[in-house]
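Structure first, then comments.
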Amino acid sequence: MFWRKARVEYVFLVPFVGFLLFFEIYPLINMAIRSFFDNNTGEFTFQNYVNVFTQPQFRTAIRNSLLFATACSMVGAVGGTFVGYIASHISPKYRNLLLSLYSLPLTLSGLVVAFSFIVLLGRNGVINLLVRQIFGLPRSVYFDVYSWYGLVVVYAFYQIPLMALTMAAIFLNLDRSLVEAARNLGANTFQVWRYVIIPVLAPGFLAGLSIQFAGMMGAFGTVLALVGGEKNLLSVQIYYHTSESTYNLPQAGALAVTLILIISLLLFTLNRLRHVVSPGG
């Protein structure tokens, strides 16, 4: 009876497995295979991968993507942890309201967010105009939302809420008896955080950081809407090698495989580090 019931339940997995095979696994395999062929001659070659690590624009794109993802992830991780800590110490009524408001940015389109920040923080955006009028600053002084630090601020709009939702749950599930035991043993506030709270929170923090880093390595829509191809990122390079002007699918495939490998390596490293800092790790 148990096995018959289990076999019936497996039927409901068929649509999911079919979707996974045809719309994720097959395209990835096809892309990886095509990355080993020349775009013009169709001959087997490793040149596309050689280009990734020898051509300056590709090496710069890899470096920029790593730095950009690190900056955005750290801003989101620190800001989200702070908000999560505050949310865990307020009444459930206001906590639910706060977390509900913080979940809204995750539902918005990258294009909508990009144009919203242009209206607010563009060269003639509302906030820049108000600051210049209040402090009597010249028109040449403004917050540049089109710069690297501007992009980090824009993506913090996504990253901080994502981390806040994660860390709020972790703070709420923190065993308060551990804190009380540490205080009863004479530990001060710093020692409680250093030896009790931070070690308990570290695995969850690293898990949230992993999610953010993976997302930021592939950041594309909002960047493209704000600055187009002005900022050299790996995701933007992949996009432009699938467009009509610089159409080269094998090279785009090599760049995409490289991006996947970088993300996989970094996620593996963070996952191993998470196991090390976990209790008993």
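The values are calculated or read from the model by the stated rules, or taken from the named source; none is laboratory data. Please read all numbers here as calculations on a predicted model, not as lab measurements. All Cβ positions, glycine included, derive from the backbone under ideal geometry; neighbour counts span all protein chains shown.
Observations on the model:
- Meets criteria (out of contact with any Phe, Trp or Tyr (no Cβ under 9 Å at 6 or more places or on another chain) and either surrounded by 12 or more Cβ atoms within 10 Å (Cβ to Cβ) or over 24 Å from residue 162 (Cα atoms) (or both)) for residue 8: yes
- Qualifying residue in segment 78-93 (condition: surrounded by 10 or more Cβ atoms within 10 Å (Cβ to Cβ), in contact with a Lys or Arg (Cβ under 6 Å, 6 or more places away or on another chain) and either under 25 Å from residue 240 (Cα atoms) or not aromatic (Phe, Trp, Tyr) (or both)): yes
- In segment 227-250, the residues that are aliphatic (A, V, I, L, M), at pLDDT 90 or above, buried (at least 18 other Cβ atoms within 10 Å of the Cβ) and in a helix (DSSP H, G or I): 234, 236, 238
- Complete set of residues in segment 177-202 that are closer than 20 Å to residue 278 by Cβ, within 31 Å of the chain's Cα centre (by Cα) and surrounded by fewer than 16 Cβ atoms within 10 Å (Cβ to Cβ): 193, 194, 195, 198, 199
- Count of segment 193-216 residues, restricted to those that are farther than 22 Å from residue 156 by Cα and without any contact (Cβ under 8 Å) to a residue 60 or more places away in the chain, is 6.
- When 67, 111, 99, 106 are checked against the criterion of being more than 16 Å from the chain's Cα centre (by Cα), part of a helix (DSSP H, G or I) and closer than 19 Å to residue 226 by Cβ, 111 stands alone in meeting it.
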